[in-house]
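Here is the structure we will look at.
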Amino acid sequence: MKVAIIGTTSWGTTLGIMLARRGIDVALWARTKEEAERLAREEENTARLPGIPFPKRLSPTSAIEKVLRGASLVILAVPSQEIRQNVRLMKGHIAEGVPILSAAKGLEMGTAKRMTQVIAEELSPEHESNICVLSGPNLSKEIAQGLPASTVIAAQDGEVAKRAQEIMASTSFRVYTNNDVVGVELGGALKNIIALAAGLSDGLGYGNNAKAALVSRGLAEISRLGVAMGANPLTFAGLAGLGDLVATCSSPLSRNRFVGQELAKGRPLAEITASMTSVAEGINTTIAARQIAREHGVEMPITEQVYRVLFKGLEVPQAMAALMERELKHELIGGQGV
């Protein structure tokens, strides 16, 4: 069996290492020949996952057609804003019937589309039913270290999800399936916005009560938007919703929480992102989510305040105060929902 992974991100590298440890041949695609040669020479991704050696079955290469040839599963693990251009490079090299798994957690700027929608737009129609998405509480460093974790793979076709599940699952990586592609994708993307807010709260030293409130009310607004877009509300109580939200809002490994925390300390956003080796997806996702929420008439107060801090120069204490001083309401909208 062979798995093709597009992207040398920390997550793409982690998935490659995890699969190769199980004896699966993994072809890891790097954008340039120089990067592929460096990865092969150093036998680890020193830039994004230092200290975790490559298993023998993991092979970096910059030849996209070589990576995709004979693959039983294709995993896209690049930042969400780069998905479209990478799928265009893949077009014509993927065999019919091969599952295409999105591991990116974001929404496309401008179009505000989910990653599976972007992939479907760029590939030939015969591939559409084979597109699926992986999401859950999956901090890459922990998984690369072999620590136990769980995730969920969603596809419209249950057989496609099951095929991807069987390839990805291991004794330390438990994989569930779901048919709610919209909910699983939105949970993975929108939790990054709430993680930014959790970081803002932590940076101000507001304590665990405040963060617990942000997590629970954040889940409420994620669910509101998800239901408005056709998702199953129960999905947000699962791994791709609550599970991912808890991990990302609480872990020091979370890039989005880190950005929020640094903003609260007074560092400029440009300086923070320039110091990072990986992308904090929540930044661009905040713009897209705010756009979608307005289109659907969905109230997302945390997202709105995070947007104002990121892009409108609002001081962090003022943003947090704005959330606390909102009109008093029933916890469940209309007394019936979130």
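The values are calculated or read from the model by the stated rules, or taken from the named source; none is laboratory data. As the structure is a prediction and not an experimental result, all values here were calculated from the model. Ideal geometry is used to build each Cβ from the backbone, glycine not excepted, and the neighbour counts take in all protein chains shown.
Data overview
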item: Which listed residue is surrounded by 14 or more Cβ atoms within 10 Å (Cβ to Cβ), more than 24 Å from residue 114 (Cβ to Cβ) and under 19 Å from the mean Cα position of the chain (by Cα), from 250, 254; result: 250
item: Residue tally, condition farther than 18 Å from residue 105 by Cα and not in a helix (DSSP H, G or I), over the stretch 245-296; result: 6
item: Checking residue 318 against (1) under 22 Å from the mean Cα position of the chain (by Cα); (2) of a type in the set (S, T, N, Q); (3) under 20 Å from residue 198 (Cα atoms), the condition it does not meet; result: (1)
item: Lone qualifier among 199, 205 - being surrounded by fewer than 19 Cβ atoms within 10 Å (Cβ to Cβ) and assigned by TED's automatic domain parsing to the domain that holds residue 256; result: 205
item: Check on residue 110, outside any helix (DSSP H, G or I) and outside the structural domain of residue 12 (by TED's automatic domain parsing); result: no
item: Selection within the stretch 261-312 - loosely packed, with under 14 Cβ neighbours inside 10 Å and modelled with pLDDT under 95; result: 277
item: All positions within the stretch 251-269 that are closer than 21 Å to residue 189 by Cα and of a type in the set (A, V, I, L, M, F, W, C); result: 253, 258, 259, 263, 269
item: Members of the stretch 43-62 that are part of a loop (DSSP other than H, G, I, E, B) and either touching a residue at least 40 places away in the same chain (Cβ under 8 Å) or closer than 14 Å to residue 5 by Cβ (or both); result: 45, 47, 48, 49, 52, 54, 55, 57, 62
item: Among residues of the stretch 303-319, those that are without any contact (Cβ under 8 Å) to a residue 40 or more places away in the chain and farther than 19 Å from residue 107 by Cβ, counted; result: 5
item: Every residue from the stretch 152-196 that is crowded, with 24+ Cβ neighbours inside 10 Å, of a type in the set (Val, Ile, Thr) and closer than 30 Å to residue 309 by Cβ; result: 184, 193, 194
item: Filter result for the condition that a residue is under 20 Å from residue 104 (Cβ atoms), touching a Leu at 6+ places or on another chain (Cβ under 9 Å) and either not in a helix (DSSP H, G or I) or not assigned by TED's automatic domain parsing to the domain that holds residue 240 (or both), over 164, 189; result: 164
item: Number of the exception - residue 73 against (1) within 27 Å of residue 287 (Cα to Cα); (2) touching a residue at least 60 places away in the same chain (Cβ under 8 Å); (3) over 13 Å from the mean Cα position of the chain (by Cα); result: (1)
item: Any hit, the stretch 319-337, residues being more than 22 Å from residue 14 (Cβ to Cβ), β-branched (Val, Ile, Thr) and assigned to a helix (DSSP H, G or I); result: no
item: Criterion violated by residue 211 - all others in (1) without any contact (Cβ under 8 Å) to a residue 60 or more places away in the chain; (2) in a helix (DSSP H, G or I); (3) assigned by TED's automatic domain parsing to the domain that holds residue 21; (4) not polar (S, T, N, Q) satisfied; result: (3)
item: Residue in the stretch 198-212 that is polar (S, T, N, Q), in contact with a helix residue (DSSP H, G or I) (Cβ under 8 Å, 6 or more places away or on another chain) and more than 23 Å from residue 160 (Cα to Cα) present; result: yes
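Yes/no per residue for (1) β-branched (Val, Ile, Thr); (2) within 23 Å of residue 141 (Cβ to Cβ):
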site: 278; (1), (2): no, yes
site: 285; (1), (2): yes, yes
site: 288; (1), (2): no, no
site: 311; (1), (2): no, no
site: 315; (1), (2): no, no
site: 319; (1), (2): no, no
site: 322; (1), (2): no, no
